[in-house]
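Worksheet for the structure shown next.
The values are calculated or read from the model by the stated rules, or taken from the named source; none is laboratory data. Keep in mind that this is a model prediction, so the values were computed, not measured. Ideal geometry is used to build each Cβ from the backbone, glycine not excepted, and the neighbour counts take in all protein chains shown. Protein only, heavy atoms only, side chains kept; ligands, DNA and RNA dropped before computing areas. Shrake-Rupley method; radii C 1.70, N 1.55, O 1.52, S 1.80 Å.
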Amino acid sequence: MEDDVWMTVKEAALFTGVSVQTVYSWIRRGHLTVGGLNHRNQKVFRHLDVARAELATRSRAQRVLVASV
């Protein structure tokens, strides 16, 4: 299942094509919830949550671009 795939911050950034700082921004803004810590004490996220955060961010960005034209 997709829900069983976990990603670190770096993996989430690579998966979505954004910077690590953007992933941290999603966390600060409440768009992405930390699911726990891995064996190296790195934050991990569910694959589905990362995809949802990316989709929500890109959807908001498109609305802003359309509204400003």
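Ignoring ligands, DNA and RNA, please state the percent of accessible area on the stretch 1-46 from carbon and sulfur, probe 1.4 Å.
Percent of accessible area from carbon and sulfur atoms in the stretch 1-46: 51.
Just order 34-43, 4-13, 17-26 by mean Cβ neighbour count inside 10 Å, highest at the front, would you?
Per-residue mean Cβ counts within 10 Å order the peptides as 4-13, 17-26, 34-43.
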